[in-house]
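The values are calculated or read from the model by the stated rules, or taken from the named source; none is laboratory data. Remember, predicted model here, so these are calculated numbers, not experimental data. Neighbour counts run over all protein chains shown; Cβ positions are idealised from the backbone, glycine included. Just the protein is used for accessible areas: all its heavy atoms, side chains included, with ligands, DNA and RNA removed. Shrake-Rupley method; radii C 1.70, N 1.55, O 1.52, S 1.80 Å.
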Amino acid sequence: MGKQPVKMRAVVYALSPFQQKIMSGLWKDLPSKITHKVSENWISATLLLAPLVGTYTYVQNFKEKEKLEHRY
């Protein structure tokens with residue numbers, strides 16, 4: 001009643017070099033991935049985007065005031 005060897009078959013997977021798509025999973029369904037990540041992390045996204053949008057708006061307003069100041 002010892003151990004009896006069991007024959008096993010090895011399964012080898014190979015990809016054809018003509019059918020490999022390196023980064024296909026990255027671009028597949030990208031908009032839904034982005035919306036899913038933003039909906040999960042909307043607080044972090046808001047805290048990231050609010051200062052950027054605020055700074056951009058301030059700079060555009062400052063430049064416009066400066067242009068109007070030197071108009072006449």
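Give me the dipole magnitude in Debye, nearest 20, for the chain about the Cα centre, with unit charges on the beta carbon: positive for Lys and Arg, negative for Asp and Glu. Intermediate results must be reported in sequence, preceding the final value.
Values: 11 positive and 5 negative charges, 121 e Å.
Dipole size: approximately 580 debye.
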ask   = Once phi is turned into ³J(HN,Hα) by the Karplus curve 6.51 cos²θ - 1.76 cosθ + 1.60 with θ = phi - 60°, what whole-Hz value does each residue of region 45-50 show in order, with x for glycine and proline?
value = 5, 5, 5, 7, 7, 4
Residue among Ile22, Ser44, Thr55 farthest towards the positive dipole end of the chain, charges placed on Cβ = Ile22
query = Out of region 1-40, which trypsin sites (Lys or Arg not before Pro) are coil in DSSP terms and have no more than 10 other C-beta atoms within 10 Å?
reply = Lys3, Lys7, Arg9, Lys21, Lys28
note = For P(r) over Cα pairs in 5 Å bins from 0, in percent, with candidates (i) 3, 17, 23, 21, 16, 12, 6, 2, 0; (ii) 3, 20, 36, 28, 11, 1; (iii) 3, 10, 8, 9, 8, 8, 8, 8, 8, 7, 6, 4, 3, 3, 2, 2, 1, 1, 1, 0, 0, 0, the value calculated from the shown model is option (iii)
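Heavy-atom accessible area per residue, the chain, 1.4 Å probe: how many Å²?
On the way: 8060 Å² over 72 residues.
So the chain comes to 112 Å² accessible per residue, rounded to a whole number.
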request  = For the chain, with all protein chains present and a 1.4 Å probe, just round the carbon and sulfur fraction of the accessible area to a whole percent.
outcome  = 64
note = If one builds a Gaussian network model of the chain from Cα atoms under 10 Å apart, the most fluctuating residue listed among Leu26, Leu47, Leu15 is Leu15
